[in-house]
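Visitor: Take a look at the following structure, please.
The values are calculated or read from the model by the stated rules, or taken from the named source; none is laboratory data. Being a predicted model, the structure only gives us computed values, none of them experimental. So basically every Cβ, Gly included, is an ideal-geometry build from the backbone, and we count neighbours across all protein chains shown. Just the protein is used for accessible areas: all its heavy atoms, side chains included, with ligands, DNA and RNA removed. Shrake-Rupley method; radii C 1.70, N 1.55, O 1.52, S 1.80 Å.
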Amino acid sequence: MIKDIVVNLALVADHDPAAAFAISIARTFGAHVTGVVFVYDPVISPSIMDGVSAEWIDAQRDESLTMAQTAIARFDRAAELAGVQAGHRIIEATLGGATDMFGRIARRFDLAVVGQREPDRMSPADLFAEGALFESGRPVVMVPYIQKDGLALDRVLMCWDGSRTAARAMGDALPFLARAAQVDVVIVATGRSKSDEIPGADVGHHLARHGIKVDVKRIVAEDVDVPNTILSYAADVSADFMVMGGYGHSRLREFVLGGATRGILGSMTVPVLMSH
């Protein structure tokens, strides 16, 4: 069951897709949602420290605080209009510390929600996505920057490759899958398939035993381009939501995403639930 959700609120002047989508998830599941927004301390290189006044530093921090308060007011108003119970937290931190802290905060929730970075806008969204994925131990829903609608589960893609992370994602996503009108278990053939994952029949049977309507699909990735193959299929069938394992590792606390995971996050057009 999903009863407690946390979302990273973006410091933007207009619409925040992740915040709106988190509220729609909370409304669907009758859950509480907490918005977390960070006020950033200015990061100043030692080489230019002598030329920076205390007044300038205070002005930068005040600007960040004003944007954070705007994000909170917008979030609280949207939650109230949706009839969703909500709370918020404003936290001061450095940029690097904030992304790691958000991952630790998310451990105490059922689900974390973060937004995708807009291609032409400077934003730490990618860092929050990686921090939540690697640090929380919880499922994370990544919301495209183009997302306008709330949660819809008419057709959900469950990406399956037989791995541990895919199995974890499938288990974490059961509350969503159980509400879906149709679930496509998608297996991408690349020529490196394991013998026990090609048919996907066992996965289909497992989900069917949960009362989920399942269709197993095997598709071929051209030029071994798994991310674009999945995204192309999602567009062809008008999928609303995707589920997949989040691949990668943390090397000396520097997050390194796997190729398929990074490809999906960079080009996704529907919300994606990932687990690591």
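Visitor: Explain nothing, just the number: relative contact order of segment 87-192, from Cα pairs under 8 Å at least 6 residues apart, as a whole percent.
Guide: The normalised contact order for segment 87-192 reaches 23 percent.
Visitor: Evaluate the distance, in nm, between pseudo-label points positioned 7 Å from the Cα of Leu65 and of Ala181 along their respective Cα→Cβ axes.
Guide: Going from the Leu65 label point to the Ala181 one covers 4.9 nm.
Visitor: Oh, and also: Quick query: amide H of Val39 versus all other amide H atoms, modeled in the peptide plane; which residues come in under 5 Å with a sequence gap of 5 or more or a different chain?
Guide: Ile91, Glu92, Ala93
Visitor: For segment 165-170, just list the computed ³J(HN,Hα) in residue order, Karplus coefficients 6.51, -1.76 and 1.60, θ = phi - 60°, integers in Hz, with x standing in for Gly and Pro.
Guide: 5, 5, 5, 4, 5, 4
Visitor: Under 5 Å between amide hydrogens, which residues at least 5 positions from His88 or on another chain qualify, with H placed 1.01 Å from N in the peptide plane?
Guide: Long-range HN contacts for His88: Gly35.
Visitor: Turning to a different aspect of this structure: Hey, can you find the accessible area per residue of segment 61-100 for me, probe 1.4 Å, expressed in square angstrom?
Guide: I get 57 Å² per residue for this part.
Visitor: Ok, one more. Going by accessible area, probe 1.4 Å, with all protein chains left in place, what is the ranking of Arg89, Arg164, largest first?
Guide: Ranking Arg89, Arg164 by accessible area, largest first, yields Arg164, Arg89.
Visitor: Additional query: At 1.4 Å probe size, what's the solvent-accessible area of Leu95? Round to the nearest 10 Å².
Guide: Leu95 has an accessible surface of roughly 70 Å² with all protein chains in place.
Visitor: Tell me, what HN-Hα J-couplings in whole Hz come from the Karplus equation 6.51 cos²θ - 1.76 cosθ + 1.60 at θ = phi - 60° for each residue of segment 203-211, using x for Gly and Pro?
Guide: 5, x, 5, 4, 5, 5, 5, 8, x
Visitor: May I pose another question? Amide H of Arg218 versus every other amide H placed in the peptide plane: which residues, excluding those fewer than 5 positions away on the same chain, fall under 5 Å?
Guide: Result for Arg218 returns Ile187.
Visitor: By a straight-distance test (C-alpha under 18 Å), which aspartates and glutamates pair with Lys217 as possible cross-link partners, with residues fewer than eight away in the same chain excluded?
Guide: Asp154, Asp161, Asp184, Asp196, Glu197, Asp202, Asp225, Asp236, Asp240
Visitor: Turning to a different aspect of this structure: Give a residue-ordered list of calculated ³J(HN,Hα) values for segment 177-183 (Karplus: 6.51 cos²θ - 1.76 cosθ + 1.60, θ = phi - 60°; whole Hz; x for Gly, Pro).
Guide: These are the phi-based 3J(HN,Hα) values: 4, 5, 9, 6, 6, 8, 10 Hz.
Visitor: For segment 64-149, which whole-number percentage of the solvent-accessible area (1.4 Å probe, protein heavy atoms only) is attributable to carbon and sulfur atoms?
Guide: Using a 1.4 Å probe with all protein chains present, segment 64-149 comes out at 50 percent carbon and sulfur.
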